[in-house]
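Take a look at the structure below.
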Amino acid sequence: CPCVVERGDRAFPESHKAADVVDALQQRVMQYGARLQCNSEVSQISVNDPGPGLFTISTTDGNVFSSRRLIIATGGLSYPGSGSTGDGYIWAARLGHKITQRFPSLTAIVPKGYKITPGKAVDSPSPYKESIYAGLKGHIDRSTPASEWGEALKGLQLKNVRLSLECDGRMLESEFGDLDFTDGGLEGPIGFKVSRKCVNAITNGSKVTAVMDMKPAVDLEDLTVRIGTLWNEVCKDKRNANKLYKDRFRVLLTKVLPMSLIPAFTKMNPNADHKTLAKALKAWKMEIAGFVGYERCVITAGGVSLEELTAK
C-alpha cells in the first residue's frame with residue numbers, strides 16, 4: 001500500500017482511501033494463512049501458563065481460541081458508531097497494564113450559550129455511556145440544539161485568526177489558522193488543536209475561556225487608529241446623516257467583519273461601540289461550557305500508559 005507523509009508527520013495511503021489499507025492488510029495475512037473470524041464478539045481473555053497457548057480468547061458465540069501472542073487493536077472510545085465499546089481498555093487492565101485518564105480529543109469545544117442547554121451532560125440509560133463518561137465533567141452531546149446565536153454562527157469559517165485558551169486566568173495555548181463554527185461548537189484546524197488541553201482542563205474542574213483575535217496581523221494601537229478613521233468616514237458619508245448611532249455602527253462593522261458574522265458578534269459583544277471595537281475584535285472572549293464527546297471526536301486521549309510500550 002503506497003503511502004505518503006504529509007505535514008505534521010501524518011501518514012496516509014497514497015490514494016487517500018482507507019479501504020486500500022484494509023485490502024493490503026487482508027491480502028498479506030491471507031498469504032500467510034491467517035484465518036479471519038468476523039462478527040464474533042470477544043467475551044473473555046485469560047492468560048495461561050507459559051506455552052504455545054498462552055492466551056485463551058472466548059467469544060459470545062461459544063468459540064474458544066488460543067494463541068502464543070495477542071494483539072489488542074480495538075482502537076479507543078471514538079466513533080462508537082463503528083463498534084468501539086472500550087473493551088480494549090478492560091482487557092488491557094486485566095492483563096496488568098496501567099490505564100490513564102481517558103477523554104475526547106480533536107473534538108468540538110462548546111462556548112457557553114452556544115447550545116440551548118449548555119454544560120449539561122448527557123442523561124442516558126445506556127450503561128455504555130454512563131461508564132465512559134463517569135467522572136468526566138463537561139460533556140455536551142452534539143445533538144443538543146444550538147441556541148439563537150449558535151445558529152447564527154453555525155456554518156461560518158474564519159480564515160487566519162488566532163485562537164487562545166485562558167485557564168483560570170493564565171494562558172494555556174494559542175494557535176493561528178482557520179476556525180470553523182459547526183453544530184458541535186468550535187472546530188476546524190485550530191479548534192481541534194486547542195481541544196486536548198481545553199478538555200483536559202475542563203474535566204479537572206478548571207474554568208476555560210476561548211479568546212479570538214479577529215485581526216492578528218495588526219496590533220491593538222494600529223487597529224484602534226484604523227477603526228477611528230473608518231468611523232470618521234462613516235459619519236461624514238451623507239448617506240448616513242440621518243441614521244441612528246446603532247445603524248451607523250453597523251455600517252462600521254461591515255468594514256471590519258464578514259456580514260455573516262455581524263449578528264452573532266453584536267449579540268455576544270452588546271457593549272461594543274466605535275471606541276471599544278478594536279479591543280473587542282482583538283479579544284472576543286467566549287467562556288467554554290464543555291465539549292463534544294466520543295460520538296464525533298477524532299481520537300481518544302489517554303488510555304494504556306505509553307510508559308509500558310515500546311515504540312517499535
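Of all complete DSSP H helices in the chain, those with a Cα span along the helix axis of 15 Å or greater and a mean Kyte-Doolittle hydropathy of 0.0 or more are 18-31, 188-203, 220-236.
Among residues other than SER43 whose Cβ falls under 11 Å from its Cβ, what is the net charge (Lys/Arg +1, Asp/Glu -1)? Local charge sum for SER43: -3.
Accessible area ranking (1.4 Å probe, heavy atoms, ligands and nucleic acids excluded), largest first, for PHE55, PHE65: PHE65, PHE55. ARG226 contributes about 130 Å² of solvent-accessible surface, heavy atoms of the protein only, 1.4 Å probe. Using a probe of 1.4 angstrom and keeping all protein chains present, the accessible surface of the chain works out to 59 square angstrom per residue. Count Lys and Arg as plus one, Asp and Glu as minus one, and take only other residues whose Cβ is under 14 Å from that of GLY169; the net charge is then 0. In terms of its C-alpha gyration tensor, the stretch 21-60 has an oblate overall shape, because the principal axis ratio a/c (a ≥ b ≥ c, square roots of the eigenvalues) is not below 1.5 and a/b does not outweigh b/c.
Across the stretch 158-171, rounded Karplus estimates of 3J(HN,Hα) from the backbone phi angles (6.51 cos²θ - 1.76 cosθ + 1.60, θ = phi - 60°) give 10, 9, 6, 10, 10, 10, 10, 10, 10, 10, 6, x, 10, 5 Hz, Gly and Pro being marked x. By accessible area, using a 1.4 Å probe on protein heavy atoms only, the stretch 178-308 has 50% of its surface on carbon and sulfur. Direction-averaged projected area, Cα convex hull, the stretch 254-311: 7.7 nm², rounded to one decimal. Diffusion coefficient (Stokes-Einstein, Kirkwood radius over C-alpha pairs, 25 °C, 0.890 mPa s) for the stretch 1-71: 164 µm²/s, rounded to a whole number. Listed by chain and number, the aspartates and glutamates placed with their C-alpha closer than 16 angstrom to that of LYS279 are ASP213, ASP219, GLU221, ASP222; residues fewer than eight positions away on the same chain are left out. Taking 1.306 mPa s as the viscosity and 10 °C as the temperature, the Stokes-Einstein diffusion coefficient of the stretch 199-312 based on its alpha-carbon Kirkwood radius rounds to 91 µm²/s. By the Stokes-Einstein formula, at 0.890 mPa s and 25 °C, the chain with its Kirkwood radius over alpha-carbon pairs has D equal to 106 µm²/s.
The values are calculated or read from the model by the stated rules, or taken from the named source; none is laboratory data. Fair warning: this is a prediction, and the values are worked out from it, not measured in the lab. Note: ideal-geometry Cβ built from the backbone for every residue, glycine included; neighbour counts use all protein chains shown. Please note that ligands, DNA and RNA were not included when accessible areas were found on the heavy atoms of the full protein model with its side chains. Shrake-Rupley method; radii C 1.70, N 1.55, O 1.52, S 1.80 Å.
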